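Participant: I am attaching a structure below and will ask some questions about it afterwards.
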Amino acid sequence: MNISHVDRVQAFRYLRLPSEPDAHFLEMADVCEKQLLSMISPKYVYRIFPIVQTENGISGGGLLLRGNDIANHLKGCSQVIFLCATLSAGADRAIRQSSASDILSGMITDTMANAVIEQVCDNAEQEIFATLPSHYFTWRFSAGYGDFPLDTQADFLKVLNAEKRLGVTLSESDLLIPTKTVTAVIGVSETPISKGKKGCAICNLSEKCPYRAKGVHCHD
């Protein structure tokens, strides 16, 4: 997958800039963007499974999806999409290199990488949805949201064979490696469905979020 530019509106939003960026900042951003895009290898894998009701809850591809929030998220859906997208280890290297030369450059590169992985996921969704015309979809729901356990990640990656196909692994605390990697569950239905809660309504950090304190959000 080719990403030709960074969504700077989103990237600068992550930085919580106190004012409009000046010329010097924009010059730094140009350098960071060029370096980041030259070092990353955006890619993704996905699989689609029928949703199965079991005694212990719902499952897809043999993976039990634990928690009330993921069950509500998939209510009314007949299939589930498992998606894993990554910028590869190149993003981590770009952030380290930028940080080594200048703290602000490191911060800019990091937030740009956050914006780019969202762009990859959005592009992946468009391509996936095109294979399922006349269907309806939920938004992306990741392990760690609400009561959907973070330790689901290990089995999730196995189902997608993500280590072999993408080079994605987990740390001992179930964090994704490379760091600019996203896993998500998307519900599929033949009839219109409620999108359900999103963003602040489901986020475990909402009570201490710096964005909410300023009256803004980290995502649209």
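The values are calculated or read from the model by the stated rules, or taken from the named source; none is laboratory data. Source: prediction; values computed, not measured. Cβ placement follows ideal geometry from the backbone for every residue including glycine, while neighbour counts extend to all protein chains displayed.
Participant: What is the one condition in (1) closer than 21 Å to Ala91 by Cα; (2) hydroxyl-bearing (Ser, Thr, Tyr); (3) over 19 Å from the mean Cα position of the chain (by Cα) that Ser19 does not satisfy?
Facilitator: Unmet condition: (1).
Participant: Name the single residue that is modelled with the lowest pLDDT among those in the stretch 1-24 being touching a Leu at 6+ places or on another chain (Cβ under 8 Å) and of a type in the set (A, V, I, L, M, F, W, C).
Facilitator: Ile3
Participant: Give the residues of the stretch 161-207 that are at pLDDT 95 or above, assigned to a helix (DSSP H, G or I) and charged (D, E, K, R), sorted by residue number.
Facilitator: Answer for the stretch 161-207, where residues must be at pLDDT 95 or above, assigned to a helix (DSSP H, G or I) and charged (D, E, K, R): Glu163, Lys164, Arg165.
Participant: The conditions are (1) within 27 Å of Cys77 (Cβ to Cβ); (2) in contact with a Leu (Cβ under 6 Å, 6 or more places away or on another chain); (3) in contact (Cβ under 8 Å) with a residue 60 or more places away in the chain; (4) of a type outside the set (Phe, Trp, Tyr), and Asp174 fails exactly one of them. Which is it?
Facilitator: Of (1) within 27 Å of Cys77 (Cβ to Cβ); (2) in contact with a Leu (Cβ under 6 Å, 6 or more places away or on another chain); (3) in contact (Cβ under 8 Å) with a residue 60 or more places away in the chain; (4) of a type outside the set (Phe, Trp, Tyr), only one is false for Asp174: (3).
Participant: Somewhere in the stretch 116-130, is a residue out of contact with any Pro (no Cβ under 6 Å at 6 or more places or on another chain), closer than 16 Å to Ala11 by Cα, modelled with pLDDT of 95 or more and aliphatic (A, V, I, L, M)?
Facilitator: Yes, because at least one residue in the stretch 116-130 is out of contact with any Pro (no Cβ under 6 Å at 6 or more places or on another chain), closer than 16 Å to Ala11 by Cα, modelled with pLDDT of 95 or more and aliphatic (A, V, I, L, M).
Participant: While we're looking at this one, here's another question. Would you mind listing the strands (runs of 3 or more DSSP E) fully within the stretch 22-121 where at least 2 residues are surrounded by fewer than 16 Cβ atoms within 10 Å (Cβ to Cβ)?
Facilitator: In the stretch 22-121, the matching strands (runs of 3 or more DSSP E) lie at 43-54.
Participant: Next up: Is it the case, given these coordinates, that Asp110 is farther than 17 Å from Leu176 by Cβ and at pLDDT 95 or above?
Facilitator: In short, no.
Participant: Let me ask another. Can you tell me which residue among Ile3, Ile48, Ile95 is within 19 Å of Gln153 (Cα to Cα) and aliphatic (A, V, I, L, M)?
Facilitator: Ile48
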